[in-house]
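Chemist: Sharing a structure here in structure tokens format.
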Amino acid sequence: MKKAFTLNELLIAIAIIGIILIITVPIVFSHFSKKTQIAGLQRAYMAINNAVKLMMIDEKAKSISKSSLYYDSETGSVVNSAGTFMKKYLKINTDCGTETGECFAASYKNLSGDAVNLPGDGDAYCGIISTGASICITPPGYSGDSGEVLVDVNGPAKPNIAGRDLFLFYIYLDGFIGDRVSSVDSVEVCRANVYGSGCFNRIINADWTMDY
């Protein structure tokens with residue numbers, strides 16, 4: 001006749017299972033969360049990259065400086081450069097205009113815990129596109145030759161951390177979309193930068209994985 005487990009033995013077994021769950025569940029959740037954020041990042045990046053390329057083909061522009069996306073300080077505005085581009089080439093579900101408004105969360109931090117400042121009102125055109133990502137585009141020519149694209153891959157939803165769901169792309173005059181040329185593939189740079197600059201390079205070089 002088999003001996004039944006005692007109450008103490010059952011309690012010990014349950015305690016061990018509980019400890020294993022406490023250790024493994026956060027790891028599994030973190031891994032799943034990173035996979036979800038990477039998928040959102042890929043969708044947003046491809047949407048923006050394809051939109052820029054299509055615009056350049058439509059306008060027969062060999063340089064962004066010769067396209068309607070380029071900001072002309074004398075005759076143009078963020079609305080009729082970045083705004084017109086987004087409305088024509090990206091499917092906008094929520095249009096926030098030149099304010100971050102409901103398109104972004106109220107506050108963000110970087111991986112080191114420092115506060116992240118969103119673009120000031122009027123500096124970029126913002127909206128939530130069909131992928132569910134929130135984007136703000138500061139057009140090339142507004143504050144330098146390269147334009148800036150701030151992307152929250154899952155909209156205002158958490159975690160609202162630069163390098164996790166918030167990233168900064170740059171639009172270069174040749175149409176290339178990517179991180180700063182000077183951004184190195186460094187976890188330290190990725191963690192310390194207020195917009196997660198360097199994180200995108202890290203992800204690309206790690207074959208679209210978030211290994212930090």
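Chemist: Keeping to the range 44-60, report how many residues are more than 14 Å from Phe200 (Cα to Cα), in contact with a Ser or Thr (Cβ under 7 Å, 6 or more places away or on another chain) and in contact (Cβ under 8 Å) with a residue 24 or more places away in the chain.
Modeler: Total satisfying the criteria: 3.
Chemist: Specify the residue that is surrounded by the most Cβ atoms within 10 Å (Cβ to Cβ); the eligible residues are those in the range 115-129 that are modelled with pLDDT under 95 and within 17 Å of the chain's Cα centre (by Cα).
Modeler: Leu118
Chemist: Could you grab me the full set of residues in the range 98-127 that are over 13 Å from Gly155 (Cα atoms), assigned to a loop (DSSP other than H, G, I, E, B) and of a type in the set (Ser, Thr, Tyr)?
Modeler: So in the range 98-127, the residues over 13 Å from Gly155 (Cα atoms) come out as 98-99, 109-125.
Checking the rest, the ones that are also assigned to a loop (DSSP other than H, G, I, E, B) come to 98-99, 110-114, 117-124.
Thr98, Ser112, listed by residue number.
Chemist: Given the structure, is Tyr170 farther than 13 Å from Val116 by Cα, among the hydroxyl-bearing types (Ser, Thr, Tyr) and surrounded by 18 or more Cβ atoms within 10 Å (Cβ to Cβ)?
Modeler: Working: farther than 13 Å from Val116 by Cα: yes; among the hydroxyl-bearing types (Ser, Thr, Tyr): yes; surrounded by 18 or more Cβ atoms within 10 Å (Cβ to Cβ): yes.
Yes, satisfied.
Chemist: Right, here's the next one. Among the residues of the range 163-188, which ones are among the small types (Gly, Ala, Ser) and at pLDDT below 95?
Modeler: Kept after step one, since they are among the small types (Gly, Ala, Ser), are these residues of the range 163-188: 163, 175, 178, 182-183, 186.
Result: Gly163, Gly178, Ser182, Ser183, Ser186.
Chemist: Conditions: (1) buried (at least 18 other Cβ atoms within 10 Å of the Cβ); (2) within 25 Å of Asn193 (Cβ to Cβ). Gly83 meets all but one. Number of the miss?
Modeler: Here Gly83 meets the rest and fails (2).
Chemist: Another question, then. Can you find a residue that is surrounded by 15 or more Cβ atoms within 10 Å (Cβ to Cβ), at pLDDT 95 or above and more than 21 Å from the chain's Cα centre (by Cα) anywhere in the range 48-60?
Modeler: The first filter runs over the range 48-60 and keeps only residues surrounded by 15 or more Cβ atoms within 10 Å (Cβ to Cβ), leaving 48-49, 51-52, 55-56.
Now restrict to residues that are at pLDDT 95 or above: 48-49, 51-52, 55-56.
Within this subset, residues satisfying the condition of being more than 21 Å from the chain's Cα centre (by Cα) are 55-56.
Yes: one or more hits.
Chemist: Could we say that Ser73 is surrounded by fewer than 18 Cβ atoms within 10 Å (Cβ to Cβ), at negative phi and either touching a residue at least 60 places away in the same chain (Cβ under 8 Å) or not aromatic (Phe, Trp, Tyr) (or both) here? Talk me through it step by step, then tell me what you get.
Modeler: Values: surrounded by fewer than 18 Cβ atoms within 10 Å (Cβ to Cβ): yes; at negative phi: yes; either touching a residue at least 60 places away in the same chain (Cβ under 8 Å) or not aromatic (Phe, Trp, Tyr) (or both): yes.
In short, yes.
Chemist: Kindly indicate which of Tyr89, Tyr108 is under 16 Å from the mean Cα position of the chain (by Cα) and among the hydroxyl-bearing types (Ser, Thr, Tyr). Write out each step before concluding.
Modeler: Working: Tyr89 fails: under 16 Å from the mean Cα position of the chain (by Cα).
The unique qualifying residue is Tyr108.
Chemist: Can you find a residue that is of a type in the set (Lys, Arg), in contact (Cβ under 8 Å) with a residue 12 or more places away in the chain and not in a loop (DSSP other than H, G, I, E, B) anywhere in the range 159-173?
Modeler: no
For every residue, the table says whether it meets (1) assigned to a strand (DSSP E or B); (2) under 17 Å from Lys34 (Cβ atoms); (3) among the aromatic types (Phe, Trp, Tyr); (4) within 15 Å of the chain's Cα centre (by Cα).
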site: Ile137; (1), (2), (3), (4): yes, no, no, yes
site: Tyr142; (1), (2), (3), (4): no, no, yes, no
site: Asp145; (1), (2), (3), (4): no, no, no, no
site: Glu148; (1), (2), (3), (4): yes, no, no, yes
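Chemist: Which of the numbered conditions does Ala82 fail, given that it passes all the others? Conditions: (1) closer than 21 Å to Ile204 by Cβ; (2) outside any loop (DSSP other than H, G, I, E, B).
Modeler: (1)
Chemist: Next question, about the same structure. From (1) in contact with a helix residue (DSSP H, G or I) (Cβ under 6 Å, 6 or more places away or on another chain); (2) buried (at least 19 other Cβ atoms within 10 Å of the Cβ); (3) under 27 Å from Leu69 (Cα atoms), pick out the condition that doesn't hold for Arg202.
Modeler: Condition (3) is where Arg202 drops out.
The values are calculated or read from the model by the stated rules, or taken from the named source; none is laboratory data. Keep in mind that this is a model prediction, so the values were computed, not measured. Using ideal geometry, Cβ is built from the backbone for each residue, glycine included, and neighbour counts are taken over all protein chains shown.
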